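Right, one structure below, let's go through it.
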Amino acid sequence: MSDYARIADAIRFIASQVARQPTLDEIAAHVHLSPFHFQRLFSRWAGVTPKRYLQVLTLDRAKALLHESRSLLEVADTLGLSSGSRLYDHFVQLEAVTPGEYKQRGAGLVIDHGVHDTPFGQAFVALTPRGVCNFSFLDDQAPEAPLTALAQRWPEAELREAPSRTQGVIHTMFDGSKAPDRPISLHVSGTNFQISVWRALLEIPPAKVVSYAQVASAVGNPKAARAVGLAVGANPVALMIPCHRVTPAKRQARRLSLGRD
């Protein structure tokens with residue numbers, strides 16, 4: 001059996017066994033490989049680990065069940081998860097939202113927002129109790145544009161104009177007169193791959209530039225440079241997640257040849 005056929009068989013097996021939450025050993029045995037060899041082979045062909053792929057399928061199934069107005073415990077039991085807390089872990093790990101928040105589409109969640117002047121022009125800031133969920137420069141667009149996008153993401157949330165609350169984010173980012181007393185917490189949502197890319201961007205040292213290919217290698221998927229570019233473009237928190245430090249390889253080479261940092 002070819003490697004392609006083995007991985008296709010493994011994917012079908014995982015999809016059919018989501019309710020059982022099969023282990024790595026079980027999936028590997030199904031395609032007659034050792035767990036170590038299977039893990040490497042699956043990651044190379046699918047771009048994610050078997051565990052991550054199972055989590056994505058579990059999350060999709062959870063979303064469908066939550067839309068059917070089932071309780072969290074019932075959903076956890078249907079998905080073969082040991083408890084409601086494990087369901088919580090899946091959502092937080094992949095999308096940074098809880099199952100309850102997803103089910104309620106933001107009902108009961110208050111999101112403060114405001115528009116502020118910065119050294120780079122006006123910026124829109126949105127803040128949940130768990131952290132910054134949006135930071136975007138307005139450029140030529142009206143303040144209503146990011147607010148509309150925010151309302152579409154959280155249609156049942158209470159969007160509250162509160163520049164006095166969001167001003168603290170601006171002070172932390174641009175006021176160099178004193179060091180911040182705590183890190184800025186980010187409350188972002190995205191696919192597992194996007195989140196892994198954004199985390200990799202946070203590891204880039206200040207004043208350094210990397211290529212899409214280097215980020216792809218950093219997240220364990222060296223051939224995914226184009227997907228990295230899309231994830232960088234989807235960054236919901238400008239500047240704080242430093243997507244401006246990632247450039248195409250040709251542009252980076254030219255910058256280095258000109259002696260620029």
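The values are calculated or read from the model by the stated rules, or taken from the named source; none is laboratory data. Owing to the predicted nature of the structure, the values given are computational and were not obtained by experimental measurement. All Cβ positions, glycine included, derive from the backbone under ideal geometry; neighbour counts span all protein chains shown. The accessibility values were calculated without ligands, DNA or RNA, using every heavy atom of the protein model including side chains. Shrake-Rupley method; radii C 1.70, N 1.55, O 1.52, S 1.80 Å.
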Report task. Under 19 Å Cα to Cα from K103, which aspartates and glutamates show up? Leave out anything in the same chain fewer than 8 places away. Result -> D60, E68, E74, D77, D89, E95, E156, E158
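Using only the heavy atoms of the protein chains and a 1.4 Å probe, how would W198, W45 rank by accessible area, largest first? Can you show the working numbers first?
On the way: W198 10, W45 125 Å².
Largest to smallest exposure gives the sequence W45, W198.
Net charge within 12 Å of P35 by Cβ-Cβ distance, Lys/Arg positive one each and Asp/Glu negative one each, not counting P35 itself?
Values: positive: R40, K51; negative: D25, E26.
That works out to 0.
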Query - Environment charge of A218, counting only residues whose C-beta is closer than 15 Å and scoring Lys/Arg +1, Asp/Glu -1 - result: +3
Query raised in the report: With every protein chain in place, what's the accessible area of H244 (1.4 Å probe, Å², nearest 10)?
Result: 100 Å²
Requested in this report: Would you please give the residues with an amide H less than 5 Å from that of C133, counting only those at least 5 places away or on a separate chain, with H modeled from the backbone geometry?
Outcome: A126, L127, T128, H187
Query raised in the report: Mind ordering 4-10, 136-142, 228-234, 122-128 by average Cβ neighbours within 10 Å, highest first?
Result: 122-128, 228-234, 4-10, 136-142
Report summary line: Surrounding charge for R6, neighbours by C-beta under 14 angstrom, Lys/Arg +1, Asp/Glu -1, total +1
Requested in this report: Could you state how much accessible area D60 has, in square angstrom rounded to the nearest 10, with a 1.4 Å probe and all protein chains kept in place?
Outcome: 80 Å²
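Whenever you get a sec, compute what percent of the accessible area on the stretch 110-175 sits on carbon and sulfur atoms (1.4 Å probe).
Values: 1650 of 3470 Å².
Heavy-atom surface of the stretch 110-175 belonging to carbon and sulfur, 1.4 Å probe: 48 percent.
Accessible area, 1.4 Å probe, largest first: how do E144, E26, E203 sort? Provide the component values of the computation, followed by the final result.
Details: E144 110, E26 70, E203 145 Å².
Largest accessible area first, the list is E203, E144, E26.
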